[in-house]
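Asks: Here it is: the structure, laid out below.
The values are calculated or read from the model by the stated rules, or taken from the named source; none is laboratory data. Computed from a prediction, not measured in an experiment: that's the story for all the values here. Methodologically, a virtual Cβ is constructed for each residue, glycine included, from the backbone with ideal geometry; neighbour enumeration extends over all protein chains shown.
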Amino acid sequence: MSRKPQGSQWKTLDTDLNRISQVELATAYVARPMVGLGLALGFIILAGLGASIFFDVSDSGLVVIVAAVFGAYMALNIGANDVANNMGPAVGAKVLTMGGAILIAALCESAGALLAGGDVVSTISKGIIDPASVADTNSFVRAMMAALISAALWVNLATWVGAPVSTTHSVVGGVMGAGIAAAGLIAVNWPSMGLIAASWVISPVMGGAVAALFLAFIKARIIYREDKIAAARVWVPVLVGVMAGVFATYLAMKGLKQVIDIDFGTAILIGLVLGAAAFAMSRPMIRRQSEGLENRTRSLKSLFALPLVLSAALLSFAHGANDVANAVGPLAAIVHANEVGSFATKVAIPLWVMVIGAIGISFGLFLFGPKLIRMVGSQITKLNPMRAYCVALSAAITVIIASWLGLPVSSTHIAVGGVFGVGFYREWHMERRLRRPGAKVGDVKHIAKEERRRRKLVRRSHFMTIIAAWVVTVPAAATMSAVIYGLLGLVMA
């Protein structure tokens, strides 16, 4: 007959059970990232199996299957890194939850890629290398494979570090490095590379300046007015009209360029018409929405929520239409070379290749995107709906200006530059107000200068990490690509 446990035995049993529960919690915590990695690996395997349906598993067909695997890997990394720039500000401003942002971004990215992603892409990304300089088709396939692998590895590393980098620049660096390894320095179009290097500075500075100007306008015309609600009724519809016009122009130029050919003047006209229509429709809506609101800055946030959500969705659509080529461009080049036996500057993208890119971007966002979304939205500087709205609007306006000027800019650099611009403007504005005689901004006036220097509104550690990653992207991807090209020569010989 068994005896009942004594008091000390109960205590020991409780302790043991507690240890077991702690082990279970620790196991669940460790298993969560493993689930994401397992699902990502499953998608990559499915992409390879899908490619095997279209190609025989021979020496040439195997190359396409391997390329499809790395194309899927690249698409996952684009979703994990690049999409955060569109959704980060809306999440950081608490207008969207993380789940809502991921759902909207996944739908809009996929729609942009499949509906407006286009069927023709420059396989030698932005004319970086001359195809004629590559010795033969096998060398060209190796170069594209090396570019794809190196770009994917670099974006993966940047995501792990927590730095939003340009996937376009990663692909450009990969193509350049493989081209140099295949045909020497003479194969590279150095004027094009010079313009891309200049965009490292132009993109973030222009994006930050535009975002700061809009924030200054909102502060001067709405936030610092005695009757904030009355000012909002006048100016918020104007800002909504500007947003609608800018995004209509942006989508006409970038997001729908493969569906219908629209020149710059026509795109501007479309933007003006839709902007005026949005202004007219939003005036009564803003008036109804503002009824009963208290005359304080916090009340204004609700007026910017819907425009911010719409802008984030439109940015994701345009991003899917444009940047899917970064994932599938080299893959499409390899498929074309395998089917035709030669290479060309432009090739048609098969539907199954586009599907890999579209689903991969959405899948990567779902599995690994929250880390960069949080970093862009809340860890660089504090965002509210007005500041996040300025960032989103800045991204679209800067792309339009750059396209008009013929400058190759990065949407990643523009969006993150907009976040930096808003943060640095807030720092400058706070210090300017504190320097006024008799000025008082909360308790900040009574903080010592040394402490004020420490309490910056932009986190310098993230600033330096991101800038360093931007500068290193092209040379790092190029170096990795040249090494991989050499290794592939040994494997594919």
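Asks: Quick one: would you say Gly88 is at pLDDT 85 or above, of a type outside the set (A, V, I, L, M), under 22 Å from Ala67 (Cβ atoms) and part of a helix (DSSP H, G or I)? Give the derivation first.
Replies: Numbers: at pLDDT 85 or above: yes; of a type outside the set (A, V, I, L, M): yes; under 22 Å from Ala67 (Cβ atoms): no; part of a helix (DSSP H, G or I): yes.
So Gly88 does not fit the description; no.
Asks: I need the full set of residues from the range 277-310 which are among the aromatic types (Phe, Trp, Tyr) and either out of contact with any helix residue (DSSP H, G or I) (no Cβ under 8 Å at 6 or more places or on another chain) or more than 15 Å from Leu383 (Cα to Cα) (or both), in order please. Give the steps one after another, and end with the answer.
Replies: At the first step, the residues of the range 277-310 found to be among the aromatic types (Phe, Trp, Tyr) are 279, 304.
Scanning the range 277-310 gives a single hit, Phe279.
Asks: Run down Leu185, Leu195, Leu215 and say which single residue is hydrophobic (A, V, I, L, M, F, W, C) and within 30 Å of Ser299 (Cβ to Cβ).
Replies: Values: Leu185 fails: within 30 Å of Ser299 (Cβ to Cβ); Leu195 fails: within 30 Å of Ser299 (Cβ to Cβ).
Answer to the check: Leu215.
Asks: Out of (1) under 25 Å from the mean Cα position of the chain (by Cα); (2) surrounded by fewer than 22 Cβ atoms within 10 Å (Cβ to Cβ), the odd one out for Val238 is which?
Replies: In the conditions (1) under 25 Å from the mean Cα position of the chain (by Cα); (2) surrounded by fewer than 22 Cβ atoms within 10 Å (Cβ to Cβ), Val238 misses (1) alone.
Asks: Could you go through the range 201-215 and let me know if any residue there is of a type in the set (A, V, I, L, M), in contact (Cβ under 8 Å) with a residue 12 or more places away in the chain, buried (at least 22 other Cβ atoms within 10 Å of the Cβ) and within 14 Å of Ala278 (Cα to Cα).
Replies: no
Asks: Given the criteria touching a Lys or Arg at 6+ places or on another chain (Cβ under 7 Å), part of a helix (DSSP H, G or I), polar (S, T, N, Q) and crowded, with 16+ Cβ neighbours inside 10 Å, does Ser192 qualify?
Replies: Details: touching a Lys or Arg at 6+ places or on another chain (Cβ under 7 Å): yes; part of a helix (DSSP H, G or I): yes; polar (S, T, N, Q): yes; crowded, with 16+ Cβ neighbours inside 10 Å: yes.
Considered against the rule, which asks whether it is touching a Lys or Arg at 6+ places or on another chain (Cβ under 7 Å), part of a helix (DSSP H, G or I), polar (S, T, N, Q) and crowded, with 16+ Cβ neighbours inside 10 Å, Ser192 comes out as yes.
Asks: Check Ser52, Ser21, Ser2 and return the single one that is at pLDDT 60 or above, of a type outside the set (A, V, I, L, M, F, W, C) and more than 30 Å from Ala312 (Cα to Cα).
Replies: Working: Ser21 fails: at pLDDT 60 or above; Ser2 fails: at pLDDT 60 or above.
None of the others qualify; the one that does is Ser52.
Asks: Only one of these conditions is not met by Ile334: (1) at pLDDT below 80; (2) more than 28 Å from Arg460 (Cβ to Cβ); (3) not acidic (Asp, Glu). Which number is it?
Replies: (1)
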